[in-house]
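The structure appears below as structure tokens.
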Amino acid sequence: MSAPALPKVVVFLHGGDYDRVHQGLSIAAAATASGRRAEVYLFWWALERFLKGSLDEPDFEGRDDISERFESRGMPTLRALLEHLKESGLCTLAGCTGSLGALGAESETARSGIELWLGWSAILQRTAGVTDRFYL
């Protein structure tokens, strides 16, 4: 008899500030490190950050001290966290089609690294009953 599957973790990323996106990807990375599936849903400004590819340089507006400390301590960039999540095979990165349309960025999807595009009906179906949800 196999052990029951661990419940998945869902992260809804709306804000595109570096710290918010970093926190969301860190939550997903912690989940996958413990063998749990994670789903990260990107909306509005978080989605825009991925579409623009702004995943490498920490940009804490007005907080150069944090940026320097972040780099000197070897904290992973957003891209490094994303690569870890993809390598785990336990994380799905999804973009909201409504947010994509609102941003007018349909032509930018190819290089985003987003593997699944969904509207709210599908998102609600996929996340129904999930208790470990994080909104950032």
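Read the figures in this text as sums done on the coordinates, not as results from a lab. Predicted model, so just to flag it, every value in this text is computed and none were measured. Neighbour counts are summed over all protein chains in view; Cβ atoms, including those assigned to glycine, are modelled from backbone coordinates with ideal geometry.
Within the option set 92, 32, 97, being in contact with a strand residue (DSSP E or B) (Cβ under 8 Å, 6 or more places away or on another chain) and closer than 13 Å to residue 113 by Cα holds for one residue only, 92.
Would you confirm whether any residue within the stretch 61-69 is of a type in the set (Gly, Ala, Ser), under 18 Å from residue 11 (Cα atoms) and either within 13 Å of the chain's Cα centre (by Cα) or surrounded by 12 or more Cβ atoms within 10 Å (Cβ to Cβ) (or both)?
To start, the set of residues in the stretch 61-69 that are of a type in the set (Gly, Ala, Ser) comprises 62, 67.
From what is left, the residues that are under 18 Å from residue 11 (Cα atoms) are none.
Within the stretch 61-69 (the criterion being of a type in the set (Gly, Ala, Ser), under 18 Å from residue 11 (Cα atoms) and either within 13 Å of the chain's Cα centre (by Cα) or surrounded by 12 or more Cβ atoms within 10 Å (Cβ to Cβ) (or both)), the answer is no, since none of the residues qualifies.
Residues in the stretch 81-103 that are in contact (Cβ under 8 Å) with a residue 40 or more places away in the chain and either more than 14 Å from residue 44 (Cα to Cα) or in a strand (DSSP E or B) (or both): 81, 82, 84, 85, 88, 90, 91, 92, 93, 94, 95, 96.
Any residue at all in the stretch 104-115 that's exposed (fewer than 11 other Cβ atoms within 10 Å of the Cβ), of a type in the set (A, V, I, L, M, F, W, C), without any contact (Cβ under 8 Å) to a residue 12 or more places away in the chain and within 15 Å of residue 11 (Cα to Cα)? Explain how you work it out, then say what you get.
Filtering the stretch 104-115 for residues exposed (fewer than 11 other Cβ atoms within 10 Å of the Cβ) gives 104, 107, 110-111.
Keeping just the survivors that are of a type in the set (A, V, I, L, M, F, W, C) gives 110.
When the remaining residues are screened for being without any contact (Cβ under 8 Å) to a residue 12 or more places away in the chain, the result is 110.
Among the residues that remain, those that are also within 15 Å of residue 11 (Cα to Cα) are: none.
Taking every residue of the stretch 104-115 in turn, none turns out to be exposed (fewer than 11 other Cβ atoms within 10 Å of the Cβ), of a type in the set (A, V, I, L, M, F, W, C), without any contact (Cβ under 8 Å) to a residue 12 or more places away in the chain and within 15 Å of residue 11 (Cα to Cα).
Listed by first and then second residue, the pairs with beta-carbon distance under 7 Å, at least 6 apart or on different chains, first residue in the stretch 53-80 and closer than 25 Å to residue 42 by Cβ, second assigned to a helix (DSSP H, G or I) and β-branched (Val, Ile, Thr), are 60/66; 78/21.
Residues that are touching a Lys or Arg at 6+ places or on another chain (Cβ under 7 Å), over 27 Å from residue 125 (Cα atoms) and of a type outside the set (Val, Ile, Thr) do occur in the stretch 56-75, at least one of them.
Taking the condition in a helix (DSSP H, G or I), of a type in the set (D, E, K, R) and closer than 21 Å to residue 110 by Cβ, does residue 49 pass? Explain how you work it out, then say what you get.
Details: in a helix (DSSP H, G or I): yes; of a type in the set (D, E, K, R): yes; closer than 21 Å to residue 110 by Cβ: yes.
So residue 49 fits the description; yes.
Among the residues of the stretch 84-109, those identified as closer than 14 Å to residue 38 by Cα and not small (Gly, Ala, Ser) are 84, 85, 86, 87, 90, 91, 92, 93. For the stretch 120-129, does any single residue satisfy the condition of being touching a residue at least 24 places away in the same chain (Cβ under 8 Å), assigned to a helix (DSSP H, G or I) and within 20 Å of residue 45 (Cα to Cα)? Among the residues of the stretch 120-129, at least one is touching a residue at least 24 places away in the same chain (Cβ under 8 Å), assigned to a helix (DSSP H, G or I) and within 20 Å of residue 45 (Cα to Cα), which makes the answer yes. When the stretch 70-102 is filtered for residues that are over 27 Å from residue 8 (Cβ atoms) and buried (at least 17 other Cβ atoms within 10 Å of the Cβ), only 70 remains.
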